[in-house]
1. Within the stretch B:1-88, which helices (runs of 4 or more DSSP H) (wholly inside it) include 1 or more residues that are exposed (fewer than 11 other Cβ atoms within 10 Å of the Cβ)?
2. Do we have residue B:255 as more than 24 Å from the chain's Cα centre (by Cα) and farther than 30 Å from residue B:69 by Cα here?
3. Please pick out the residue among B:34, B:14 that is more than 10 Å from every other protein chain (Cβ to nearest Cβ) and either at positive phi or out of contact with any strand residue (DSSP E or B) (no Cβ under 7 Å at 6 or more places or on another chain) (or both).
4. Any residue that is buried (at least 18 other Cβ atoms within 10 Å of the Cβ), in contact (Cβ under 8 Å) with a residue 40 or more places away in the chain, within 14 Å of another protein chain (Cβ to nearest Cβ) and assigned to a helix (DSSP H, G or I) - is there at least one of those in the stretch A:189-205?
5. Checking the conditions here, which among B:272, B:316 is touching a residue at least 12 places away in the same chain (Cβ under 8 Å), facing another protein chain (nearest Cβ under 9 Å) and in contact with a helix residue (DSSP H, G or I) (Cβ under 9 Å, 6 or more places away or on another chain)?
6. Residue under question is residue B:108, and the condition is that it be surrounded by 14 or more Cβ atoms within 10 Å (Cβ to Cβ) and either in a loop (DSSP other than H, G, I, E, B) or without any contact (Cβ under 8 Å) to a residue 60 or more places away in the chain (or both); does it hold?
7. Within 10 Å of another protein chain (Cβ to nearest Cβ) and either in contact with a helix residue (DSSP H, G or I) (Cβ under 9 Å, 6 or more places away or on another chain) or at pLDDT 85 or above (or both): does that describe residue B:220?
8. Do you know which of the residues in the stretch B:275-301 that are at the interface with another protein chain (Cβ under 8 Å from one of its Cβ atoms) and assigned to a helix (DSSP H, G or I) is farthest from the chain's Cα centre (by Cα)?
């Protein structure tokens, strides 16, 4: 009898905190619960995980060489399911499934690398602008305004065009494309971080940290960044989707990943000539881009709801 | 209001100068620069190149070259296009109407469809229509422009819709490319050529607009002045459009302005796929053949368009929200 009320009370009130870190752990637990309740977001995460697994284990999963040209079938793409090609072949007899999986490696790793660069630059610029404010803030924000008002795609095309023209088109490899996109896509992140810092630096905990003699880098890294990490994570997730599309557009127009290396965009560009009789060459790469981007967008939406303390 | 418009226009000038500086600096790194076409010509020696460089003033320091370039641009001398064999201004003026026709009709289409979707979804939240609109928004944002274009071409141009019912045969196909048919064409022919490019180009904007209109309209619907309007006995349409939409439009205007660079980028892809003779396709041609002056011209026109559009968005705020004071 004496035990029953205690259990009821425990269920109503959270147990007392033993360690200072426990509150964060509980918040994370809550965010995870909110995220898993968002069914579409969870589906998106699972789909994305499958894509990543397919990309990582591409060499094990496929017994076809993605770049091996089958001279028997040049000019006559094989339909899905013929001669052991599960999804058929392209116009020079390369296995489509193998190319899709190796293409996933390129497209996904490129997008993630770009977003890491973009987040790093954007966070540093936004943190400096938001924390110090004043004229430095004014200057940095006008610079981001200028970047934001130049259309990104033409600028990217001109830069990749310059790289392609200065040596051969093969110079347009993974690294140069990562650097070009990464260096140009940080302004929205900078704005986001600046906005978060502007409001956070006036909060009591920040004042307290300053009062006990915390140095600027310590306050920024230990107090301000952890408190503004949620919107940064959401932005990063959604930007991975954007960069996948951006890379595919560049490759589609011929200024991205160069053949014979496979990327989803370049596969689609390659399939344009044969679409009237080999639909699979265009449909499957296109579906890969669409499904992956959709999965990431749903996941980002779920993360936004899960990490936002105002959403119940 | 007028003084604000003038002051805001003047503020756009330094922005234009900085953008022009960036454009000039980037294209300055183009290998061979404006002389690139001569470099591949075996009849032109290194000494000729040196002489050409001197005659064109390309050996002068960067600031002087930039100042000279700006001077020429302001006076309407945009240089000579190597690939089109005509002045750059001529090429631009030839292609600008087609591009404007495509982008402006896409924008109008996206505004009409996107706003209606957003309003309907906000008025009937969690209804089947709302689920349709929200799902559509996600699909539209995730669909790569060129893949959607290829799908549409395959469905409507290669195959078309052929149906037979009650003795009538329906044969519906759309032209897959170009601005008009080869025999030239009237207004109707041009519209038929525009249908697919406009749908493709506006997809992303329809998705974005409907999402933001829904969110902002839902917020407005719960305000006190909406309840007052309803209590006064105004008609439903009047409440939603006059009192609701006008207030809900504020954040949407920001989004419209923000998606403009994306529209311009999408136009490049759309024009390339549909062989539409606009500036975007000209830009890709110029890029492939390293036509230096044409690239410069295109980027400058683009920057002007985007800056002008941001200006228009700023001025729209004043009309939407009289609380904004301009002094």
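1. Passing ranges, in order: B:2-28, B:46-56, B:62-74.
2. So residue B:255 fails the test.
3. That would be B:34, the only listed residue that is more than 10 Å from every other protein chain (Cβ to nearest Cβ) and either at positive phi or out of contact with any strand residue (DSSP E or B) (no Cβ under 7 Å at 6 or more places or on another chain) (or both).
4. The answer is yes, given that some residue of the stretch A:189-205 is buried (at least 18 other Cβ atoms within 10 Å of the Cβ), in contact (Cβ under 8 Å) with a residue 40 or more places away in the chain, within 14 Å of another protein chain (Cβ to nearest Cβ) and assigned to a helix (DSSP H, G or I).
5. B:272
6. For residue B:108, the condition - surrounded by 14 or more Cβ atoms within 10 Å (Cβ to Cβ) and either in a loop (DSSP other than H, G, I, E, B) or without any contact (Cβ under 8 Å) to a residue 60 or more places away in the chain (or both) - is not met.
7. Answer is no for this residue.
8. Here the answer is B:288.
The values are calculated or read from the model by the stated rules, or taken from the named source; none is laboratory data. If you're wondering where the values come from, they're calculated on a predicted model, not measured in any experiment. Neighbour counts are summed over all protein chains in view; Cβ atoms, including those assigned to glycine, are modelled from backbone coordinates with ideal geometry.
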